[in-house]
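> Dropping a structure here in structure tokens format, bear with me for questions.
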Amino acid sequence: MQNILIIIHAGPYGSERCLSGLRLATALIGHEAAPQLRIFLMSDATVLALPNQIDGASNGLQGMVETLVGHGVDIRACRTCALARGLGELPLIPGVVIGTLAELAQATLDADKVVTF
């Protein structure tokens, strides 16, 4: 089984890069040879971890995150990035956790492939 790490830097709104990362992750979990998948949110992408955002598209991004978590995808938001944006003490989408740079480093070493958005 392949081990794939997706790192998302782009914020959830204003560009389609975050959406593209989530779409790729969704396609990977639905693939016949589904890999072990991890997602690490950095920079402005950490905002994606907040629940109940209304984006005019019926909360589609949160639904995608919840689907990925439901399929066992490990989704972490960078602690330093989250703290810099005032997210450290806020509730996150269930299943999304705050992660550390050390965890990202280990996930990178463990990964067969790393994809960034």
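> Which one is farthest from Met42 (Cα to Cα) among residues in the range 91-113 that are in a helix (DSSP H, G or I) and without any contact (Cβ under 8 Å) to a residue 24 or more places away in the chain? Don't jump to the end; show me each part of the working.
Let us first name the residues in the range 91-113 that are in a helix (DSSP H, G or I), namely 101-110.
In the following step, the residues that additionally are without any contact (Cβ under 8 Å) to a residue 24 or more places away in the chain were identified as 101-102, 105-106, 109.
Details: Leu101: 10, Ala102: 13, Ala105: 13, Gln106: 15, Leu109: 18 Å.
Once the filter is applied, the top-ranked residue is Leu109.
> Let me ask something else. Give the residues of the range 61-86 that are under 12 Å from Leu48 (Cβ atoms), in contact with a strand residue (DSSP E or B) (Cβ under 7 Å, 6 or more places away or on another chain) and in contact (Cβ under 8 Å) with a residue 40 or more places away in the chain, sorted by residue number.
Matches in the range 61-86: Val65, Leu68.
> If you don't mind, there's one more thing I want to ask. Take the residues in the range 45-87 that are open to solvent by less than 30 Å² (accessible area, probe 1.4 Å) and assigned to a loop (DSSP other than H, G, I, E, B); name whichever of them is farthest from Ile8 (Cα to Cα).
Within the range 45-87, the match that is farthest from Ile8 (Cα to Cα) is Leu87.
> Residues of the range 1-44 being in a helix (DSSP H, G or I), closer than 15 Å to Val65 by Cα and open to solvent by 20 Å² or more (accessible area, probe 1.4 Å), which ones? Reasoning before the result, please.
Initially, the range 1-44 is screened for residues in a helix (DSSP H, G or I), giving 17-29, 43-44.
Next, from what is left, pick out any that are closer than 15 Å to Val65 by Cα: 17-29.
Those that are in a helix (DSSP H, G or I), closer than 15 Å to Val65 by Cα and open to solvent by 20 Å² or more (accessible area, probe 1.4 Å): Arg17, Leu19, Ser20, Arg23, Leu24, Thr26, Ala27, Leu28, Ile29.
> Go through the range 1-43 and report how many residues are under 21 Å from Gly88 (Cα atoms) and in contact with a His (Cβ under 7 Å, 6 or more places away or on another chain).
2
> To continue, here is another question. Conditions first: (1) of a type in the set (A, V, I, L, M, F, W, C); (2) out of contact with any Ser or Thr (no Cβ under 6 Å at 6 or more places or on another chain); (3) open to solvent by 30 Å² or more (accessible area, probe 1.4 Å). Phe117 passes all but one, so which condition is the exception?
(2)
> Could you give me the residue pairs with C-beta distances under 8 Å whose first residue belongs to the range 7-24 and is in contact (Cβ under 8 Å) with a residue 40 or more places away in the chain, whose second residue is among the basic types (Lys, Arg) and part of a strand (DSSP E or B) wherever it lies, and which are 6+ apart or on separate chains?
Filtered contacts from the range 7-24: no entries.
> Follow-up question, since we're still on this one. Which residue pairs have Cβ atoms closer than 6 Å, lie 6 or more positions apart in sequence or on different chains, and pair a first residue in the range 28-48 that is within 16 Å of Val115 (Cα to Cα) with a second residue that is open to solvent by 10 Å² or more (accessible area, probe 1.4 Å) and of a type in the set (D, E, K, R)?
Note: pairs meeting the criteria are Arg38/Asp74; Phe40/Arg76.
The values are calculated or read from the model by the stated rules, or taken from the named source; none is laboratory data. Everything quoted here is computed from the prediction, not taken from an experiment. Neighbour counts are summed over all protein chains in view; Cβ atoms, including those assigned to glycine, are modelled from backbone coordinates with ideal geometry. Areas reflect the complete protein model, heavy atoms only, side chains present, ligands, DNA and RNA absent. Shrake-Rupley method; radii C 1.70, N 1.55, O 1.52, S 1.80 Å.
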